[in-house]
Amino acid sequence: MKKKQLIFLGAPGSGKGTQAKRLIEEYGYGHISTGDLLRAEVAKGSELGNRLEKIMQAGQLVDDSLVFELLKKNCNLASKIYIFDGFPRNIEQAKVLDKELLSGISYQVLYFDINPNVLVARLVDRRVCAKCGAIFNLKTMPPKKNGICDKCGGDLQHRKDDKEEVIRERMSVFDSTMRPIVDYYQQKKLLLQVDATLSSDAIFSKIIEALK
Ligand code: AMP
């Protein structure tokens, strides 16, 4: 498989993080999640981190320039192939990404398509390992021991923004901003649509097939 930079688009909970993890483990991609970069800033407890936390807990988008600053600091596109996970989040970010970070670099966009009501149910039950980032679901993929990661023994956490009212806000932000991004990449003939209601294994096979 000839690797290209990949952009994963999909609502929170559409399964893009799970697929990204697998591609990283099995095919050696780098991973850039703007959500993770922002959470790392919040964890520092800096003044900036505290401001970010308020925006994120309300399910709103963080300022574009700040997201780009974090991205530039944390990725090296000249030497590594990445999966961009959760980025771009609006059409302006997509255009700046094209102009500033990906100009002259070939890339492909995968869109994880799913009904919003299925998503709310998934996210309310989602638990994420604080140590290794493994993702579980209390109903469909429960850990063997309550609250403990099967892979590394770390603590499983329910993200503060995975509460139902915040999820609804994140979905509405997502709906109003994602359609233009999907159209933008479709026009550029870079978009590959994935049915995100399929099983995780089926989605993975389809992605590998499509990337060949
Ligand atoms: P995620 O982990 O990707 O679901 O992101 C969690 C939260 O971080 C979002 O609800 C936003 O508040 C913020 N965020 C993540 N990525 C971006 C981005 N590219 N632009 C603006 N805000 C973002």
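If you count only protein heavy atoms and use a 1.4 Å probe, how large is the accessible surface of Arg39, to the nearest 10 Å²?
Estimated to the nearest 10 Å², Arg39 gives 80 Å².
Would you kindly compute the Cα radius of gyration of the range 94-145 and its largest Cα-Cα separation (Dmax), both in Å?
Reported Rg and Dmax, both Å: 16.9, 48.
Given R₀ = 35 Å, what would the calculated FRET efficiency be for Lys54 paired with Lys131, taking r from the Cβ atoms and rounding to 0.05?
Plugging the Cβ-Cβ distance into 1/(1 + (r/R0)^6) gives 0.85.
If you stretched the chain out fully between Asp201 and Ser79, how much longer would it get, using 0.36 nm times the residue separation minus the C-alpha to C-alpha distance?
Gain on stretching Asp201 to Ser79: 41.0 nm.
In nm, give the distance between the simple-model label positions of Lys44 and Asn115, each being 7 Å from the Cα along the Cα-to-Cβ direction.
For the pair Lys44/Asn115, the computed spacing is 4.3 nm.
Output the direction-averaged projected area (hull surface divided by four) of the convex hull of the alpha-carbon atoms of the chain, in nm².
Its Cα hull, projected and averaged over all orientations, spans 11.4 nm².
Among the listed pairs Lys16/Lys73; Lys54/Lys80; Lys72/Lys145; Lys54/Lys144; Lys73/Lys188, which have their C-alpha atoms separated by more than 31 angstrom in this model?
Lys54/Lys80; Lys72/Lys145; Lys54/Lys144
Under a 1.4 angstrom probe, counting protein chains only, how are Val128, Val182 ranked by accessible area, largest first?
Val128, Val182
Most fluctuating residue of Cys149, Cys132, Cys75 in a GNM of the chain with Cα springs under 10 Å: which is it?
Cys132
Just the accessible area per residue of the range 1-78, please: how many Å² with a 1.4 Å probe?
49 Å²
In whole Hz, what ³J(HN,Hα) sequence does the range 162-167 give by Karplus (6.51, -1.76, 1.60; θ = phi - 60°), x for Gly and Pro?
9, 8, 3, 5, 6, 4
So what's the gap between the Cα centers of the range 159-212 and the range 1-78, to the nearest angstrom?
Cα centroid of the range 159-212 versus Cα centroid of the range 1-78: 15 Å apart.
When the helix-only estimate is applied to the chain (DSSP H runs of n ≥ 4, each -39,500 (n - 2.57), divided by the residue count), what is the mean residue ellipticity at 222 nm, nearest 500 deg cm²/dmol?
-14000 deg cm²/dmol
Residue farthest toward the positive end of the dipole of the chain, with Cβ of Lys/Arg at +1 and Asp/Glu at -1: which of Gly147, Gly86, Leu71?
Looking along the dipole axis, the top candidate is Gly147.
Residue by residue, what Karplus-based ³J(HN,Hα) values in Hz, rounded to whole numbers, does the range 62-68 have, using 6.51, -1.76 and 1.60 with θ = phi - 60° and x for Gly and Pro?
Working through the residues one at a time gives 7, 3, 4, 5, 5, 4, 5 Hz.
Give me a comma-separated list of calculated 3J(HN,Hα) values for the range 190-203, in order, Karplus coefficients 6.51, -1.76, 1.60 applied at θ = phi - 60°, integers in Hz, x for any Gly or Pro.
10, 8, 10, 9, 10, 6, 7, 8, 5, 5, 4, 5, 5, 5
Using a simple spin-label model with points 7 Å from Cα along the Cα→Cβ vector, what separation in nm is obtained for Asp150 and Ile24?
Here the answer is 1.9 nm between the modelled labels.
Enter the accessible area of Val62 (Å², nearest 10), with the probe set to 1.4 Å and all protein chains included.
20 Å²
The values are calculated or read from the model by the stated rules, or taken from the named source; none is laboratory data. No experiment lies behind these values; they were computed from the predicted model shown. Here the Cβ is made from the backbone with ideal geometry for all residues, glycine too, and neighbour counts use every protein chain on show. Just the protein is used for accessible areas: all its heavy atoms, side chains included, with ligands, DNA and RNA removed. Shrake-Rupley method; radii C 1.70, N 1.55, O 1.52, S 1.80 Å.
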